[in-house]
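Report on one structure; see the data block that follows.
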Amino acid sequence: MAGSRLERVGTVFTRIRDLMRSGVIKETEKPIWYDVYEAFPPKRQPLYVKPYTRPRVKKLDPVPAIFYTEDKVRAKFYEQYGMGSRPFDLSKSSFVSTCQRFVDKYAELKSQSEMEDSVLFEETAKALLAEGVILRRRGASAVSGESRDPVLGLKLSALLAEQQSDGDDSKQEPEEHTTHTQS
């Protein structure tokens, strides 16, 4: 039986013996090993003993958490700038992420000067900007104020005046158009 747990109650020998006594197993169907086991029983009966498992005592981890200065810079970079403007290109083995460039530049500037960390962080961002790496702060709009359409800055009156002057020009164009088609 698949669900039987009788091995905890008795040995295989005692279970076969009891099945033969009750008539479930006939004398002709008994296993080959039965007579040998009956003639030469073991010195100690094999008993099922449930293995004792001690409650696990939580051991202190001997390896302390390791934080490098680069990890702190990376954490601050991702907090300020997020993941960056483009995804990682893992198909190129020589690909260097924007964050890694920032960390390398930070380490370079730190070795050259004795600035405070927050000032050095800003200087690193400026140095990367000078190299052509554009960093966008989290939550900032992707469009800067300078790149807006100049029409948005016009006043309503100036816009209306411009439309009226355009309307006068459009009345003159059809007359010119007819003269060109005649010649």
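The values are calculated or read from the model by the stated rules, or taken from the named source; none is laboratory data. Since the model is a prediction, treat every value here as computed from it, not as a measurement. As a convention, Cβ positions derive from the backbone with ideal geometry for all residues, glycine included, and neighbour counts pool all protein chains shown. Surface areas here come from the heavy atoms of the whole protein model, side chains and all, with no ligands, DNA or RNA. Shrake-Rupley method; radii C 1.70, N 1.55, O 1.52, S 1.80 Å.
In nm, to one decimal, how far is the modelled label at residue 9 from the one at residue 86, with both set 7 Å along Cα→Cβ?
My value for the distance between the label points is 7.4 nm.
With every protein chain kept in place and ligands, DNA and RNA left out, what is the accessible area per residue of region 51-122? Probe 1.4 Å, answer in Å².
Working: 6210 Å² over 72 residues.
Result: 86 Å² of accessible area for each residue.
List the lysines whose Cα lies under 16 Å from the Cα of residue 126, skipping any in the same chain that are fewer than 8 positions away.
Partners found: 76, 105, 110.
Ignoring ligands and nucleic acids, what accessible area does residue 53 show with a 1.4 Å probe (Å², nearest 10)?
110
With each label point set 7 Å from Cα along the Cα-Cβ vector, what nm distance links residue 100 and residue 43?
6.7
Carbon and sulfur together cover what percent of the accessible area of region 1-129 at a 1.4 Å probe radius? The partial results should precede the final answer.
On the way: 6420 of 11120 Å².
Ligands and nucleic acids excluded, carbon and sulfur reach 58 percent.
List the lysines whose alpha-carbon lies under 27 Å from that of residue 58, not counting same-chain residues fewer than 8 positions away?
50
Any chance you could get the radius of gyration and Dmax over the Cα atoms of region 19-119, in Å?
Here Rg and the maximum Cα pair distance are 35.3, 95 Å.
Not counting ligands, DNA or RNA, and with a 1.4 Å probe, what is residue 22's accessible surface area in Å² rounded to the nearest 10?
80
Can you give the local net charge around residue 119? Use residues other than it whose beta-carbon is closer than 12 angstrom to its beta-carbon, Lys and Arg +1, Asp and Glu -1.
Numbers: positive: 110, 126; negative: 114, 116, 117, 122, 123.
Here the count lands on -3.
Under a 1.4 angstrom probe, counting protein chains only, how are 104, 71 ranked by accessible area, largest first? Please report the intermediate quantities before stating the final value.
Details: 104 80, 71 60 Å².
From most exposed to least exposed: 104, 71.
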